[in-house]
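Comments concern the structure below.
What follows is calculated from the coordinates using simple rules that are stated; it is not laboratory data. For clarity, every value in this text was computed on a predicted model and none was experimentally measured. Ideal geometry is used to build each Cβ from the backbone, glycine not excepted, and the neighbour counts take in all protein chains shown.
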Amino acid sequence: MSTTHIPLPSGQSIHAVQRLVLQWYGSEQREFPWRAEHPDPYVVLVSEVMLQQTQTSRVAELLPVFLQKYPTVQALAQAGTADIIKAWKGLGYNSRALRLRECARAIVERFGGKLPRTAEELITLPGIGPYTSHAIAVFAFHADITVLDVNLRRVYSRYAAAQQRSIDILPDSELHRIAAALQPKGSASSWNQALMDIGSQFCKAHSPRCGSCPLSEQCASAHRIVTVRKPRRTEPSYRDTPRRIWRGRVLDLLRESASGYTAAAITKRLIPQPEPSDVSWMESVAGDLVRDGFAQSYGKRYRLREE
């Protein structure tokens with residue numbers, strides 16, 4: 001891959017696009033529970049973990065419900081496994097709920113219950129990676145550092161260099177350089193939230209809406225993108241349904257009952273007219289949930305893990 005840097009706009013052009021983006025955001029920004037002039041760092045933490053693999057609209061709906069049950073980092077740190085898995089229903093991979101609880105426990109034990117303010121400290125917490133540590137520092141504490149998520153990578157790539165295919169993304173080394181040059185000092189939170197909104201509403205992964213995008217006139221890729229879809233990765237399946245979906249269905253059943261279910265009962269609930277091989281499959285799925293710490297077995301029954 002070439003190491004030649006993509007030419008950056010002139011200082012005057014950079015100031016113009018900064019004003020354009022921030023003015024657009026000032027009038028068009030979307031309202032979410034985690035966006036506030038003086039945000040609660042705990043709310044930002046929980047929302048960022050939820051947003052990792054869950055649709056924004058779903059998080060906006062379920063975050064307030066979750067915060068009613070766990071209003072503070074201390075309450076979350078004390079959550080039992082079964083309770084937090086129940087509270088995480090509808091929010092995607094349940095492993096993220098357990099990592100979030102471990103993160104809360106580390107904040108209580110190592111930082112006296114207060115979320116650390118720097119990306120360098122945040123990334124030492126369980127389940128917090130490079131993006132999330134930067135996002136929390138920016139959105140909770142207004143740190144003047146860059147953020148790169150899927151939307152931002154796409155917007156910066158298309159804005160800075162003419163891309164032809166919807167899947168084309170610049171290397172991270174270039175994206176960090178571009179982001180650092182374009183991001184206005186003192187406005188990191190608003191700037192990044194604005195570009196995220198632009199990425200989700202206009203600069204979409206497929207079929208971008210260039211004609212409506214506020215960056216259309218300045219964007220190097222406007223009206224050039226041809227939609228190309230990446231081939232889907234194959235994943236273990238049973239009865240034409242991915243294993244991860246079966247795991248979710250079994251967990252949803254276990255959420256319903258304190259006494260739990262046998263593998264045969266789970267199979268009967270989930271598969272009409274099951275065959276003997278179906279029971280073996282459900283037993284293997286339930287066994288995975290036990291090994292991963294979501295469930296426990298007693299006798300021949302499975303239920304959510306208590307702690």
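Observations on the structure shown:
- Cα gyration tensor category, rounded, prolate or oblate, for segment 41-141 with a/c compared to 1.5: oblate
- Shape of segment 124-241, Cα gyration tensor, a/c cut at 1.5: oblate
- Put simply, when 291-302, 91-102, 220-231 are sorted by average Cβ atoms within 10 angstrom per residue, most first, you get 91-102, 291-302, 220-231.
- Over 31 Å (Cα to Cα) - which of LYS86/LYS185; LYS69/LYS185; LYS114/LYS185; LYS114/LYS204; LYS89/LYS300; LYS89/LYS268 fall in this group: LYS86/LYS185; LYS69/LYS185; LYS114/LYS204
- At full extension, ILE14 and SER57 could sit 12.3 nm farther apart than now, given 0.36 nm per residue minus the alpha carbon distance.
- Sequence-ordered 3J(HN,Hα) estimates for segment 21-32 from the Karplus curve with 6.51, -1.76 and 1.60 and θ = phi - 60° stand at 5, 5, 5, 4, 5, x, 9, 10, 4, 7, 9, 9 Hz, glycine and proline given as x.
- For the chain, the alpha carbon positions stretch 71, 47, 36 Å along the principal axes, listed from largest to smallest.
- Dipole magnitude for the chain: about 700 debye, using +1 per Lys or Arg Cβ and -1 per Asp or Glu Cβ, origin at the Cα centre.
- Relative to the longest principal axis of the Cα atoms of the chain, the long axis of helix 243-256 makes an angle of roughly 60 degrees.
- Once the C-beta distance of HIS142 and SER277 is scaled by a Förster radius of 45 Å, the resulting FRET efficiency is 0.20 to the nearest 0.05.
- Were the residues from ARG165 through GLU31 laid out at 0.36 nm apart, the gain over their Cα-Cα distance would be 45.1 nm.
- Short-range pairs are left out: with C-alpha atoms under 8 Å and at least six residues apart, the relative contact order of the chain is 17 percent.
- The Cβ shell under 11 Å around CYS203 holds other residues with a net charge of +4, Lys and Arg each +1, Asp and Glu each -1.
- Per-residue ³J(HN,Hα) for segment 282-296, Karplus 6.51 cos²θ - 1.76 cosθ + 1.60, θ = phi - 60°, Hz, x for Gly and Pro: 5, 5, 5, 5, 4, x, 4, 5, 5, 5, 7, x, 8, 10, 9
- Maximal additional length on extending the GLU307-LYS230 stretch stands at 23.6 nm, based on 0.36 nm per residue less the C-alpha distance.
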